Amino acid sequence: MANEHNKNSERPVAEKGEHIIARHLIDDDAIKEEKNLVIDGVDVSGRWNTFIETRVDSEFDRSFFGEIQKTVVGSRINRCWQCGMCTASCTVTPLYRRFNPRAFIYMMQLGNLKQLKKYVDVAWRCVGCYKCSQRCPKQVNPAEMMEALALLIKKYFPEEIKSKHQLTIDEEVKAIYEGMILGHGRLDLANLHTSAMRKMGKTTELMSDKDERGAIFKMMKDGRALSVLRLGKPHKWHKSKDAIDNYLRHAGTLEQENN
Amino acid sequence: MAENILVIGGGPAGLHAAIELAELGVNVSLVERDTFFGGNPKKFKYKYLFPDLQPADNVIGELIKRAESNNNIKKYLSANIESFKEDGKKFSAVIKSSTGSETKTFDSVIVATGFEHFDPATDSKYSYQLFDDVIDIKDLERMMGEGNFTRPSNGKAPKNVAIILCVGSRDRHVGNQYCSRVCCTVSVKQAIELKEHFPETEVYIFYMDIRTYGFYEDLYWKAMEEHDVQIVKGRVAEITSGPDNTVICKGEDTLLRGPFEIPFDMVVLASGMEGGPQSPEMANKLGIELDEHGFLKQENVTLSPFKSNKDGIFLAGACTGPKAIADAIVEGGAAAMNAYIYAKKNS
Ligand SMILES: Cc1cc2nc3c(=O)[nH]c(=O)nc-3n(C[C@H](O)[C@H](O)[C@H](O)COP(=O)(O)OP(=O)(O)OC[C@H]3O[C@@H](n4cnc5c(N)ncnc54)[C@H](O)[C@@H]3O)c2cc1C
Ligand code: SF4
Ligand code: SF4
Ligand code: SF4
């Protein structure tokens with residue numbers, strides 16, 4: 001170990017906070033170390049000046065709240081009362097536990113960028129299934145709030161997006177999207193749900209259980225299933241479809257925007 | 001000559017109003033659409049009432065007895081108001097019951113048509129009526145009233161029970177933005193009753209807020225401190241079938257910040273209170289107003305909560321919003337006093 005550090009002389013200090021006991025408990029950002037530092041004539045360069053910042057939040061930054069509120073997708077941020085129905089409904093959370101729409105909205109409400117920054121790698125993973133928005137008791141529209149979050153992350157953490165986390169759209173997700181949107185004119189929840197379940201390896205839960213089948217039968221009978229099917233395609237769908245087709249042909253890929 | 005006053009609805013509020021008026025010597029006509037008096041507590045066989053867990057019979061049975069034995073009260077069961085019109089300062093109504101139609105003139109009117117339980121089947125995420133072991137608080141109240149605490153699917157003691165609060169209340173999505181006020185207290189009461197019956201059963205309450213307001217808080221503390229009822233802060237978004245005849249609650253534990261999918265033997269939905277079809281029906285028939293929550297509108301929510309917007313027509317009980325039996329009884333008395341004053345002035 002020691003040898004390695006000596007070789008790597010361009011680093012400010014050997015390994016940030018390496019001598020801190022229980023180093024794993026402390027975030028990188030909370031550790032301050034100066035390569036060269038002299039205080040009152042005493043040279044405390046290197047590990048001697050290691051300083052752990054307090055982890056107590058010292059402000060609620062409402063300017064940030066205001067910024068979100070001004071966007072079309074984030075306008076209802078003041079409605080959220082942190083019940084968790086969105087996270088409970090979410091297609092993605094079971095796959096990435098760290099993707100938590102409720103918690104993200106809370107961080108946005110309080111302007112806690114320090115926390116948000118930790119989730120740059122997952123914060124964009126919303127698949128737009130709108131299950132959360134359908135169930136949110138306050139009609140916050142958390143699905144669109146995730147869009148506000150994505151925009152915000154792009155604005156505040158451009159470096160993190162580029163360097164740390166290679167953000168690429170998963171091929172499978174892309175295929176589902178293109179298939180659904182072009183084929184049906186809207187996101188197909190059943191399809192999304194099924195593919196998410198498959199990804200989690202929960203194949204047995206998919207319709208195999210007799211109760212589940214019974215449930216579906218009952219829902220057909222009392223009309224609940226029908227109300228879902230009745231949704232249909234958007235008005236004058238072929239026009240939108242042509243536009244999307246056209247875009248895809250020229251852009252080549254949905255990823256273009258992100259790069 | 002004695003005053004004539006019409007009381008519509010024979011629940012706790014209507015019964016109490018009728019009894020108080022009858023004791024003042026008023027000729028009361030008490031019109032109830034069901035085949036029995038006692039309202040929702042009777043219909044769903046409430047056995048023990050919050051806050052003090054006294055037998056419901058002490059309250060509801062007692063009110064029914066007093067009303068039935070009072071000759072100043074003319075009782076109409078399986079009845080309804082067929083038509084209604086104003087007649088100067090008085091009111092004329094046709095009462096239709098099993099014994100035929102009767103037209104009567106009244107000096108004033110009290111509406112005490114109460115509430116209906118929110119039907120959880122209308123909110124598909126809870127899978128109510130899809131699985132036998134998903135029931136709601138009124139079902140459990142009735143089951144316990146009949147001495148049955150077991151799982152509907154197999155008649156056995158449940159190993160664990162999930163109680164889910166705010167079903168059909170505080171939810172724009174279902175159209176009810178208000179808090180139903182009693183369901184938290186009913187839920188902790190039922191948790192206690194379940195634990196007293198089956199001490200081995202684990203009971204969990206999934207909540208956003210626990211609103212056991214005022215002294216009802218005692219029951220909440222008791223549920224936790226004497227019966228180890230566990231509260232979990234988070235909502236359940238989906239109920240599906242699980243292994244070994246269980247139902248899985250999928251939700252988020254907002255304090256631990258993470259999703260859960262936990263199998264339960266029984267799920268109890270704390271469904272709230274609604275104005276029901278009777279509130280708009282009364283509003284139309286009597287020419288009074290509905291409020292934005294689907295209950296009957298009070299003239300002034302603070303100054304005169306027992307008055308409708310029409311002179312001579314008074315309101316009592318859960319027809320103006322969710323409330324406990326004690327409140328319904330208090331309002332029955334207040335409406336009786338107001339209806340009496342109005343009748344006295346104009347007869
Ligand atoms: C599950 C549950 C448990 C509860 N447990 C408790 C408890 O333990 N303690 C407590 O204090 N409170 C409890 N409550 C609250 C309690 O039920 C209400 O406070 C009470 O029933 C209100 O009385 P009410 O007379 O206003 O209305 P209701 O009880 O609803 O009575 C209204 C009456 O009017 C009749 N009616 C309706 N429409 C018409 C019409 N058009 N013509 C003629 N008659 C009509 C109805 O048939 C009914 O008999 C509970 C509520 C729920 C949901
Ligand atoms: S966005 Fe809606 S569902 Fe999610 S925590 Fe906020 S209020 Fe609840
Ligand atoms: S729209 Fe996004 S945040 Fe909402 S449930 Fe679907 S994946 Fe989750
Ligand atoms: S009383 Fe409790 S369960 Fe009922 S609506 Fe209010 S907070 Fe929800």
Problem set entry | Percent RCO, i.e. relative contact order, over chain B, from Cα pairs under 8 Å lying at least 6 residues apart | 21 percent
Exercise. If each residue's Cβ is checked for other Cβ atoms within 10 Å, how do A:HIS19, B:HIS227 rank with the fewest at the top?
Worked result: A:HIS19, B:HIS227
Exercise. Of A:LYS241/B:LYS250; A:LYS32/A:LYS70; B:LYS65/B:LYS344, which sit over 31 Å apart, Cα to Cα?
Worked result: A:LYS241/B:LYS250; A:LYS32/A:LYS70
Exercise. From the phi of every residue in the stretch B:289-301, what ³J(HN,Hα) in whole Hz does the Karplus formula 6.51 cos²θ - 1.76 cosθ + 1.60 yield, where θ is phi - 60° and glycine or proline is x?
Worked result: 9, 8, 9, 6, 9, x, 10, 6, 7, 8, 4, 9, 4
For this session: Give me the distance in nm between label points sitting 7 Å out from Cα along the Cα-to-Cβ direction at B:GLU202 and A:ASP57, one decimal.
Result: 3.1 nm
Problem set entry | Degrees between helix B:217-227 axis and first principal axis of chain B (Cα, 0 to 90, nearest 10) | 30 degrees
For this session: Could you tell me the distance between the Cα centroids of the stretch B:22-99 and the stretch A:11-53, to the nearest Å?
Result: 79 Å
Problem set entry | Mean ellipticity per residue at 222 nm, deg cm²/dmol - from DSSP H runs of n ≥ 4 across chain B, formula -39500 (n - 2.57) | -8000 deg cm²/dmol
For this session: Give me B:SER97, B:SER83, B:SER271 ranked fewest to most by other Cβ atoms within 10 Å of their Cβ, as a rough exposure proxy.
Result: B:SER83, B:SER97, B:SER271
For this session: Please give, to one decimal in nm, the separation of the simple spin-label points placed at B:ASP34 and A:ARG98, each 7 Å out from Cα toward the Cβ.
Result: 5.6 nm
Problem set entry | Paramagnetic label zone (point 7 Å from Cα along Cα-to-C-beta, A:LYS114; backbone N under 13 Å) in the stretch A:45-77 | A:52-61
Exercise. Counting only other chains, what is the mean number of Cβ atoms within 10 angstrom of the Cβ of each residue in peptide B:248-256?
Worked result: 4
Exercise. Looking at chain B, which longest stretch skips every one of the chymotrypsin sites (Phe, Trp or Tyr not before Pro) that is in a DSSP loop with at most 14 other Cβ atoms within 10 Å, leaving the sites themselves out?
Worked result: B:37-212
Problem set entry | Separation in nanometres of the label points that stand 7 Å from Cα toward Cβ, at A:SER240 and B:PHE260 | 3.9 nm
For this session: State which entries of B:LYS43/B:LYS96; A:LYS114/A:LYS138; B:LYS222/B:LYS323; B:LYS104/B:LYS285; B:LYS75/B:LYS285; A:LYS16/A:LYS117 exceed 25 angstrom in Cα-Cα distance in the structure shown.
Result: A:LYS114/A:LYS138
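Rule-based calculations on the coordinates, nothing more; no lab input. These figures come from a predicted structure and were not determined experimentally. Cβ atoms come from the backbone with ideal geometry, glycine included; neighbour counts cover every protein chain shown.
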